[in-house]
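Enquirer: Take this structure first; my questions come after.
The values are calculated or read from the model by the stated rules, or taken from the named source; none is laboratory data. Remember, it's a predicted structure, so these values are computed and weren't measured experimentally. Glycine gets a Cβ as well: all are built from the backbone with ideal geometry, and neighbour counts include every protein chain shown.
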Amino acid sequence: PLVLGIETSCDETGIGIVRGRALLSNTIASSMDEHARFGGVVPEVAARAHLEALQPSIEAALAEAEVSLNEIDAVAVTSGPGLAGALMVGVGAAKALAVGLNKPLYAVNHLVGHIAADILDVTAAPLEYPTVALLVSGGHTSLLLVHDLTGDVELLGETVDDAAGEAFDKVARILGLPYPGGPEIDRAAATGNPDAIRFPRGLSRASDREKHRYDFSFSGLKTAVARWIEQREAAGQPVPVADVAASFREAVVDVLVTKALDACQQYGVPRLLLGGGVIANRRLRDVATARGEAAGVTVRIPPLSLCTDNGAMIAALAAELIMSGREPSTLAFGADSTLPVTEIHVAAST
Ligand code: ATP
Ligand code: MG
Ligand code: FE
């Protein structure tokens, strides 16, 4: 099926067009520049930017895919989770488009979309089930057992406080680096020593294994970094930004990869799929690949361009749903800012 996907959950207006598992176009307009001076995404600004960007983005995506609007078989949209106002703009546009074209509409889960990005990787072998999936983004850090991307996603654990991407952004701010902090820390860390400072690995003690084996915590790490810097400054010593960035990044990457591979072993699943914006992190990709290989686990990483928010992953998930014979959504759904990852799409019956 030819599917047009709309993504507006945060600050990216993403329009993606797929034909089955083939990616035809993926246009992304970001309002990031407008938020940068506030040090974070401003919901009202993001919503208005979506409204302005949607129409030209849809036209650009259609042109790039060399298809016309009436050839589209289905419309897909992120219905959650995300910023309510931002989501509503995409949901409204998708409903209007589906009604106007008289085509089925699939309201899908943004987080499962991040995982579904993998499907569009033409260089990879088909996804096998079950697979453990590690979702690391700006708002979420979750470990999943995916039995079927279109029907059965099990949540093994998630962050009990900050998301990994949020920790990157907050520590970047502490270090005086611009927003968004992920790429900045990655860059600063390149020349640093990851073993310079031993920062805490959250929820990794033996006593955490019973209740929080697959859960994450990054707020203690952020505080530890802030404290370490304060002490340096109080002692009148310079802050080694590269070493702090590298050591912080190492702590995040270590705990993410350790817990993900632990889940692979525990569930007897030799497959790990990574998804979400933080997967853009070079160290995370390298460590996951190397340690996966050593553990006999095949690690799948979607192409960089599909890791951060985009419409193609939304269209890809809907195309999978259609090919699995899943029902489209009725127009009764709305934006759901806290949609749980286990709700893959808003089915007609709910
Ligand atoms: P969610 O998907 O949970 O709703 P989101 O959509 O805002 O959140 P994404 O767009 O998937 O999140 O990812 C954005 C996050 O990824 C930001 O926190 C950003 O700092 C982080 N990020 C991007 N590049 C890197 C990198 N190279 N290293 C670490 N983090 C990164
Ligand atoms: Mg974003
Ligand atoms: Fe996202």
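Enquirer: Report yes if some residue within segment 12-21 is away from ligand 2 (no atom under 14 Å from the Cβ), within 21 Å of the chain's Cα centre (by Cα), surrounded by fewer than 22 Cβ atoms within 10 Å (Cβ to Cβ) and not aromatic (Phe, Trp, Tyr); otherwise report no.
Expert: Yes, segment 12-21 has at least one match.
Enquirer: OK, next. Can you pull out every residue in segment 163-175 that is more than 16 Å from ligand 2 (Cβ to nearest atom) and surrounded by fewer than 23 Cβ atoms within 10 Å (Cβ to Cβ)?
Expert: 173, 174, 175
Enquirer: Continuing with the same structure: Does at least one position in segment 104-122 carry a residue that is touching a Leu at 6+ places or on another chain (Cβ under 9 Å), part of a helix (DSSP H, G or I) and away from ligand 3 (no atom under 15 Å from the Cβ)?
Expert: yes
Enquirer: Quick one: would you say residue 300 is in contact (Cβ under 8 Å) with a residue 40 or more places away in the chain, away from ligand 1 (no atom under 15 Å from the Cβ) and within 30 Å of residue 15 (Cα to Cα)? Explain how you work it out, then say what you get.
Expert: Numbers: in contact (Cβ under 8 Å) with a residue 40 or more places away in the chain: yes; away from ligand 1 (no atom under 15 Å from the Cβ): yes; within 30 Å of residue 15 (Cα to Cα): yes.
So residue 300 fits the description; yes.
Enquirer: Could you grab me the full set of residues in segment 34-50 that are part of a loop (DSSP other than H, G, I, E, B) and either modelled with pLDDT of 90 or more or of a type in the set (A, V, I, L, M) (or both)?
Expert: 41, 42
Enquirer: How many of the residues in segment 273-295 are free of Cβ contacts under 8 Å to residues at least 40 places away in the same chain and among the charged types (D, E, K, R)?
Expert: Total satisfying the criteria: 4.
Enquirer: Applying the selection to segment 128-152, what residues are within 16 Å of ligand 3 (Cβ to nearest atom) and more than 15 Å from residue 263 (Cβ to Cβ)? Step through it out loud before you land on a result.
Expert: Quick first cut of segment 128-152, residues within 16 Å of ligand 3 (Cβ to nearest atom) only: 133-142, 144.
Scanning segment 128-152 gives 137, 138, 139, 140.
Enquirer: For residue 29, all conditions in the list (1) within 16 Å of ligand 2 (Cβ to nearest atom); (2) assigned to a strand (DSSP E or B); (3) buried (at least 19 other Cβ atoms within 10 Å of the Cβ); (4) not charged (D, E, K, R) hold save one; what is the number of the exception?
Expert: Among (1) within 16 Å of ligand 2 (Cβ to nearest atom); (2) assigned to a strand (DSSP E or B); (3) buried (at least 19 other Cβ atoms within 10 Å of the Cβ); (4) not charged (D, E, K, R), the lone unmet condition for residue 29 is (3).
Enquirer: In this structure, is residue 89 in a strand (DSSP E or B), crowded, with 22+ Cβ neighbours inside 10 Å and touching a Leu at 6+ places or on another chain (Cβ under 7 Å)?
Expert: Against the criterion (in a strand (DSSP E or B), crowded, with 22+ Cβ neighbours inside 10 Å and touching a Leu at 6+ places or on another chain (Cβ under 7 Å)), residue 89 does not qualify.
Enquirer: Give me the pairs: first residue in segment 317-340 and among the β-branched types (Val, Ile, Thr), second residue surrounded by fewer than 20 Cβ atoms within 10 Å (Cβ to Cβ), beta-carbon distance under 7 Å, and six or more apart or on different chains, which are they?
Expert: Within 7 Å, the pairs are 322/1; 330/348.
Enquirer: Turning to a different aspect of this structure: For segment 34-52, check the following and say yes or no: at least one residue is within 30 Å of residue 123 (Cβ to Cβ) and either within 16 Å of ligand 1 (Cβ to nearest atom) or surrounded by fewer than 17 Cβ atoms within 10 Å (Cβ to Cβ) (or both).
Expert: no
Enquirer: From (1) over 20 Å from residue 19 (Cβ atoms); (2) within 16 Å of ligand 2 (Cβ to nearest atom); (3) part of a helix (DSSP H, G or I), pick out the condition that doesn't hold for residue 99.
Expert: Going through (1) over 20 Å from residue 19 (Cβ atoms); (2) within 16 Å of ligand 2 (Cβ to nearest atom); (3) part of a helix (DSSP H, G or I) one by one, residue 99 breaks only (2).
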